[in-house]
Amino acid sequence: MAQAGLPPRFAGLAGRLHIPLAARIAQACAGRDTPLVVGLCAPQGAGKSTLTALVTRLLRNRGLKTANLSLDDLYLTHAERLALGRTVHPLLRTRGVPGTHDIPLGLSVLDALTRPGRVLLPRFDKPADDRAPVADFEPFEGPAQVILLEGWCVGARPQPEAVLDEPVNALEREEDPAGVWRGFANAALAGPYRGLFDRIDLLVAMSAPDFATVRAWRGQQEQRLRHDLTARGRDPRLAMDEMALDRFVAHYQRLTEWIARDLPPRANIAIRLDAEREPVEMRGF
């Protein structure tokens, strides 16, 4: 809590959520001779990174070799997304939707984590909007016993084709009137992403009250990023202002709302959060 700057009330939340979740994962891991891949899906700003960090520590304290990999760290490089923007649709220059991740990289990391030896876990530099240099990748000594794969669309399925026709916001209406961008993202979920998500043995789904709450949470994240950049001597203007953030989160709205409806009933563990990120309903523990 001290390292992450978390408030005192977090101790109660950890007792209700993080510690029982770690125990549930450890139970599912018992007796396996291959790594248990745990998929953790939660909307932006819901606390995925904090949850993953604490659950990783709790599992390691139980003696389980635990690696964590964020879907965010698998984003295509800036140059690769610029190329997609030229050849497929301009909106693909912005990281986020399915189709903007390096799925073969993710699969190769999962494969490497099943074997003995040193594995470099990729990392993405969000302020720079590009993959971090290899020197900043996190080393892990395999094989892992637990792999935590977290991300905002982990485990997502494609939407029915019929619902793609109607835009969900101004971004889609004005910048993707023919539905090329959202169709590309949907096809990616039906194709390459399915191969990655099929590796998941235990799926955890966290959901927010609504998309307005997700936008508020994402704004808090950007505020913390601004403070962090200042503390590290980097330009705080690398963080998004309110207008840029509104446009950015609009890229995520369609699938965030779809996942909130479709994923919890299918998940092994489902956690419904209130606006304060407190669990109001938990299933599967």
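Just name one of V180, Q220, P209: the one whose Cα is farthest towards the positive end of the charge dipole of segment 168-225 (beta-carbon charges, Lys/Arg +1, Asp/Glu -1).
Of the listed residues, the answer is Q220.
Once Lys and Arg get +1 and Asp and Glu get -1 on their Cβ, which of A112, V88, V134 lies farthest toward the positive end of the dipole of segment 85-138?
V88
Compute the normalised compactness of segment 34-102: alpha-carbon radius of gyration over 2.2 N^0.38 Å, N being the residue count.
Here the Cα radius of gyration is 1.44 times the empirical estimate.
Rounded to whole Å and sorted largest first, list the principal axis extents of the Cα atoms in segment 1-79.
On the principal axes, segment 1-79 reaches 42, 39, 20 Å in Cα extent.
Could you work out how far helix 103-112 tilts from the main Cα principal axis of the chain, as a 0 to 90 degree angle to the nearest 10?
Taking Cα atoms only, the helix is inclined about 10 degrees.
Taking 0.36 nm per residue of separation and subtracting the Cα-Cα distance, what length does fully extending D165 through A128 add?
Details: separation 37, 0.36 × 37 = 13.32 nm, distance 3.36 nm.
Taking 0.36 nm per residue and subtracting the Cα distance, the gain is 10.0 nm.
Just to be sure I understand the curve: with the Debye formula and one point per C-alpha of segment 107-243, what is log10 I(q)/I(0) at q = 0.14, 0.19, 0.21 Å⁻¹?
With one equal scatterer per Cα and no solvent, log10 I(q)/I(0) is -1.02, -1.35, -1.33.
Quick check: pseudo-label points 7 Å beyond the Cα along Cα→Cβ at T77 and Q27, how many nm apart are they?
Here the answer is 4.5 nm between the modelled labels.
Restrict the search to segment 19-50; then list the trypsin sites (Lys or Arg not before Pro) that DSSP places in a loop and that have at most 12 other Cβ atoms within 10 Å of their Cβ.
Numbers: sites: R24, R32, K48; in loops: R32.
Here the sparse-neighbourhood loop sites are R32.
Against the longest principal axis of the chain, how steep is helix 211-231, in degrees 0 to 90 to the nearest 10, with axes from Cα atoms?
Between the helix axis and the principal axis of the chain, the angle is about 80 degrees.
Compute, for the chain, the length of the dipole vector about the Cα centre, with Cβ point charges of +1 (Lys, Arg) and -1 (Asp, Glu) only. Units Debye, rounded to 20.
That gives a dipole near 880 debye.
Can you bin every Cα-Cα distance in segment 62-101 into 10 Å intervals starting at zero and give me the percent of pairs per bin, rounded to whole numbers?
Using 10 Å bins, I get a P(r) of 30, 38, 15, 11, 5 for segment 62-101.
Once amide H atoms are placed 1.01 Å from N in the peptide plane, what residues at a sequence separation of 5 or more from D130, or on another chain, have their amide H within under 5 Å of its amide H?
For D130, the qualifying residues are D125.
Suppose we take every Cα in the chain and form the convex hull; what volume per residue is that in Å³?
Values: hull volume 37.7 nm³, N = 285.
Cα-based convex hull of the chain, divided per residue, equals 132 Å³.
Only the coordinates and a few stated rules stand behind these numbers; no lab work does. Because the structure is a prediction, the values reported are computed rather than measured. Using ideal geometry, Cβ is built from the backbone for each residue, glycine included, and neighbour counts are taken over all protein chains shown.
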